[in-house]
Amino acid sequence: MILDNKSVSIDDLPKLNSEDFIPIESKFRTYLLLRNSLFFIIPFIGIIALHIFSVLADNIWLQYTLYSVVLLLWLYSITIVILGFSHKAYILRNHDIVYKTGFIFRTTTVIPKNRIQHLEIRQGVLLRIFSLSKLVIYTAGGNASDLSISGLKPDVAEKIKEEISRKIATNE
Amino acid sequence: MSSIDWTKEQRQAPLGLLLFAANTLRKILKAAWPVLLVLIFKESEKSKDDLYFWTAIIGAFFILAHSLLSFWYFRFSIVDNEFIAKKGYLKKIKLSVDIDRIQTVNIKQNILQQILGLVSLEIDTAGAKDAEIKLIAIKKEVAVELEKKLAEKSNIKNTVESSIDTDANNTDTTAAKSIIELSIEDLVKAAISENHLKNLLMIFGLTYGFYSQLSRSFQGSIEKYTEQGINTIQSFSIKTIVFIVVFILIFAMIVSIIKTIVKFYNLKLWEANNSFLLNFGLFNIKKINIPISKIQIIKWDNNPIRKMLGFKTLSIKQASSGAQMKKDQRISIPACNKDQQIAIEESLFGKSKPIFSEKIKTHPIYFIKIFILFSLIILSLAASLIMSEPILYSYQSFILIGVLELLLLALLLLEYKKRSFRIDEDILEVNSGQIGDSIQLIQNYKIQSIAYKQSIFMKMRGTATIKVYTAAGTNITIPYIAEDTAAELMNFLLYKIEGSEDKWM
């Protein structure tokens with residue numbers, strides 16, 4: 001079979017412009033904020049318990065340090081989500097799928113469709129409450145190169161999956 | 001050839017029972033040797049001799065029974081397009097492997113197997129679940145026929161006559177092109193130029209592990225000897241210490257010569273039917289068949305001594321789908337000269353003279369970043385050491401820290417200078433190294449995915465890092481290159497991957 005970009009010269013390839021990218025659903029931001037906050041509730045409860053049972057009563061400074069460390073980490077995670085959310089975006093191109101993420105450390109990952117092994121749609125409990133899905137794309141490049149795009153609408157995730165699966169099937 | 005009905009369940013060769021028993025015994029010894037050592041060296045009490053005798057008898061009986069049952073319940077067959085192995089008597093396990101998914105079939109022979117005239121056959125597969133089947137005791141002819149059968153069923157068609165002859169000396173090389181043959185001299189050269197410092201550290205590690213295991217079994221008594229030992233060391237003069245260091249280095253060299261010869265004795269690499277065939281080993285003879293299409297990355301390493309002697313070490317990384325790279329998937333050949341290097345690259349890439357672009361170097365900011373990073377680690381470690389042990393607060397410590405920093409500076413400067421990449425229509429070459437040089441080569445179309453990484457600091461300076469993921473389970477990083485170059489490289493590689501119809505494995 002002939003791939004349609006065989007004759008295309010490299011300059012004709014679509015360039016990655018940020019305006020072409022499709023942003024992640026905005027309610028995914030709320031999801032991330034909630035999830036990260038839930039994550040911090042556990043150590044917080046732990047410290048409060050230590051406080052109440054006055055385990056650290058003789059070391060009041062340690063207690064304050066613990067409170068502030070957890071609080072700062074929580075604030076940091078929230079800031080990163082709020083600032084970085086607008087950078088989360090994906091684009092499905094003719095021959096590959098591109099996903100970018102990160103605020104301080106930004107990564108743009110490209111997976112060519114003809115290198116995708118299989119796809120998976122996942123939906124955890126919390127994601128289900130937000131009626132969002134997560135698309136996981138597996139390649140032979142090992143765990144590090146597997147890509148997961150979270151915060152897609154279930155029907156969008158399904159559509160991308162079908163689209164790519166069709167492409168894989170025709171390639172083989 | 002006589003044909004075996006593979007659809008019927010087969011057992012391994014009856015003589016293999018001995019191998020099963022030996023394996024079981026080895027496992028027991030490995031787990032229980034400190035206890036046994038204690039039992040042997042403890043003064044024996046007459047009254048307990050009987051007890052030991054009966055324990056030994058019962059132990060032997062269990063080993064025999066276990067081997068017999070394991071042997072009996074291990075069956076393998078080929079049904080439809082699946083290779084099926086059943087094993088276990090208490091916990092029954094059925095492994096089935098789609099023949100199309102088989103990556104490589106390796107035949108090996110250790111010394112016990114050589115005596116018994118048997119071989120082991122390992123089947124490596126690609127799959128999310130790491131399925132690996134190992135038949136440890138089958139007759140050579142059976143192994144050969146099985147290898148053939150698997151090759152003919154799978155669509156790889158890479159196993160060839162010449163790979164089948166287990167006797168390396170009779171290998172029919174008419175259809176094959178010999179690439180490398182290592183003499184004892186080559187092996188000695190390779191061994192001498194090894195990184196002995198690394199080996200020494202490994203020996204220390206092993207000795208320490210051995211020591212801690214011993215001290216657990218013998219309590220008290222060992223500590224006494226160590227204390228004596230430490231006292232003697234403290235009384236040594238500088239001359240003696242120099243002598244000891246030299247002695248240890250020579251010892252390490254001899255150990256690595258022996259190790260290299262035992263492992264790589266009579267190494268031969270030849271090419272036939274689109275596969276590299278590799279044969280080596282003194283006691284454990286290994287035969288490895290590497291289909292060229294499955295090679296993902298090759299890496300050439302040298303160090304100053306090897307450069308002088310004119311050879312490099314080759315590592316070949318094959319496709320592996322398991323999360324963890326299996327040890328066997330990384331094959332290394334200790335010595336290759338320039339001609340052999342060219343021959344291997346020609347077989348692998350299908351062309352003799354790649355036309356590379358200019359070497360593109362890493363941005364100087366990379367050096368500054370790694371230097372700051374490592375300095376911070378060293379300084380914070382030093383600071384915490386000095387704070388906890390006030391005795392260390394002396395000018396000698398600061399001189400030591402200064403020397404360490406200088407060493408670090410020199411090493412990282414080398415690391416920065418040697419970082420570069422260049423690209424050909426079909427091949428990506430990434431260079432790195434500190435004291436030695438290492439060159440990684442991958443065919444562009446075999447890349448699995450690409451990441452373009454840029455922190456906001458890098459964005460301010462207009463640099464980016466490209467990370468290339470491969471099916472060998474490892475990734476190749478090209479750090480801190482100009483933004484435009486990075487984007488161009490990524491687009492070019494994507495173009496090559498997406499336009500390729502070749503099977504990447």
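Among the helices of chain B (complete DSSP H runs), which have Cα atoms covering no less than 30 Å along the helix axis and a Kyte-Doolittle mean of at least -1.0? Please report the intermediate quantities before stating the final value.
Values: long enough: B:16-41 (33 Å, 1.58); B:46-73 (41 Å, 0.69); B:196-218 (32 Å, 0.38); B:238-264 (38 Å, 2.46); B:364-388 (36 Å, 2.18); B:395-418 (34 Å, 1.40).
What comes out of the filter, once short or polar helices are dropped, is B:16-41, B:46-73, B:196-218, B:238-264, B:364-388, B:395-418.
Considering only B:ILE230, B:VAL188, B:THR240, and ranking their Cα positions along the charge dipole of the range B:187-264 that arises from unit charges at the beta-carbon of Lys, Arg, Asp and Glu, the one farthest toward the positive end is B:VAL188.
Under a model in which nothing but the beta-carbon of Lys, Arg (+1) and Asp, Glu (-1) is charged, the protein assembly as shown shows a dipole of about 860 debye around its Cα centre.
If contacts are Cα pairs under 8 angstrom and at least 6 residues apart, what is the relative contact order of chain B in percent?
Working: 745 pairs, mean separation 55.9, N = 505.
Here the relative contact order equals 11 percent.
When the Cα convex hull of the range A:87-171 is projected onto planes of every orientation, the mean area is 5.7 nm².
Placing unit charges on the Cβ atoms of the charged side chains and taking the dipole of the protein assembly as shown about its Cα centre, the candidate lying farthest along the positive direction among B:MET308, B:THR470, B:SER357 is B:THR470.
Apply 1/(1 + (r/R0)^6) to the Cβ-Cβ distance of B:LEU29 and B:SER397, taking R0 = 51 Å, and write down the FRET efficiency to the nearest 0.05.
Values: r = 47 Å, r/R0 = 0.92.
Between B:LEU29 and B:SER397 the formula returns 0.65.
What is the log10 of I(q)/I(0) for chain B, computed with the Debye formula using one identical point scatterer on each Cα and no solvent, at q = 0.13 Å⁻¹? Relative scattering, expressed as log10 I(q)/I(0), comes to -1.39.
Normalised by residue count, chain A yields a Cα convex hull volume of 139 Å³ per residue.
Using +1 at the Cβ of each Lys and Arg and -1 at the Cβ of each Asp and Glu in chain B, identify which of B:PHE492, B:VAL119, B:LEU15 lies farthest towards the dipole's positive end. Checking the options against the dipole of chain B, the answer is B:LEU15.
The relative contact order of chain A, computed from alpha carbon pairs under 8 Å that lie at least 6 residues apart in sequence, is 18 percent.
Let me know the whole percent of all Cα-Cα pairs from the range B:187-264 that are separated by more than 16 Å. Looking at the range B:187-264, the distances longer than 16 Å represent 64 percent of pairs. Sparse packing (at most 12 other Cβ atoms within 10 Å of the Cβ) combined with a DSSP loop state is found for the following trypsin sites (Lys or Arg not before Pro) in the range B:10-97: B:LYS42, B:LYS91, B:LYS92. Based on DSSP loop calls and a cut-off of at most 10 other Cβ atoms within 10 Å, the longest stretch of chain B free of exposed GluC sites (Glu not before Pro) is what? With a cap of 10 other Cβ atoms within 10 Å, the longest stretch comes to B:46-357. Close amide-amide hydrogen proximity is noted between B:SER178 and B:GLU271, each under 5 Å apart and 5 or more residues distant or on a separate chain (H modeled in the peptide plane; Pro and chain starts excluded).
Calculate, for B:PHE251 and B:VAL38, the FRET efficiency according to 1/(1 + (r/R0)^6) with r their C-beta to C-beta distance and R0 35 Å; round to the nearest 0.05. Intermediate results must be reported in sequence, preceding the final value.
On the way: r = 29 Å, r/R0 = 0.82.
According to the calculation, E is roughly 0.75.
Once you charge only the Cβ atoms, +1 for Lys and Arg and -1 for Asp and Glu, what is the size of the charge dipole of chain B about its Cα centre, to the nearest 20 debye? Display every interim value, and only then the final one.
Numbers: 61 positive and 49 negative charges, 158 e Å.
Roughly 760 debye, rounded to the nearest 20.
Rounded to two decimals, the Cα radius of gyration of the range A:28-84 over 2.2 N^0.38 Å is 1.31. Extension gain for B:SER178-B:TRP54 works out to 39.0 nm (0.36 nm per residue, less the C-alpha to C-alpha distance). Take the alpha carbon atoms of the range B:175-200, find their center, do the same for the range B:385-425, and report the distance between the two centers in whole angstrom. What the calculation gives is 32 Å, centre to centre. If you take all other residues with their beta carbon under 13 Å from the beta carbon of B:ARG419, and give Lys and Arg +1 and Asp and Glu -1, the sum is +3. The average projected area of the protein assembly as shown, computed from the convex hull of its Cα atoms over all directions, is 40.7 nm².
Charged neighbours of B:TRP300, selected by a Cβ distance under 15 Å, balance to +3 (K, R count +1; D, E count -1). If R0 equals 45 Å, the separation of the Cβ atoms of B:ILE386 and B:ILE355 corresponds to a calculated FRET efficiency of about 0.20.
To the nearest 20 Debye, how big is the dipole of the range B:16-157 about its Cα centre, given +1 on the beta carbon of each Lys and Arg and -1 on that of each Asp and Glu?
140
Just so you know, all these numbers are worked out from the coordinates, no wet-lab data involved. None of these values were measured; they are calculated from a predicted model. Neighbour counts run over all protein chains shown; Cβ positions are idealised from the backbone, glycine included.
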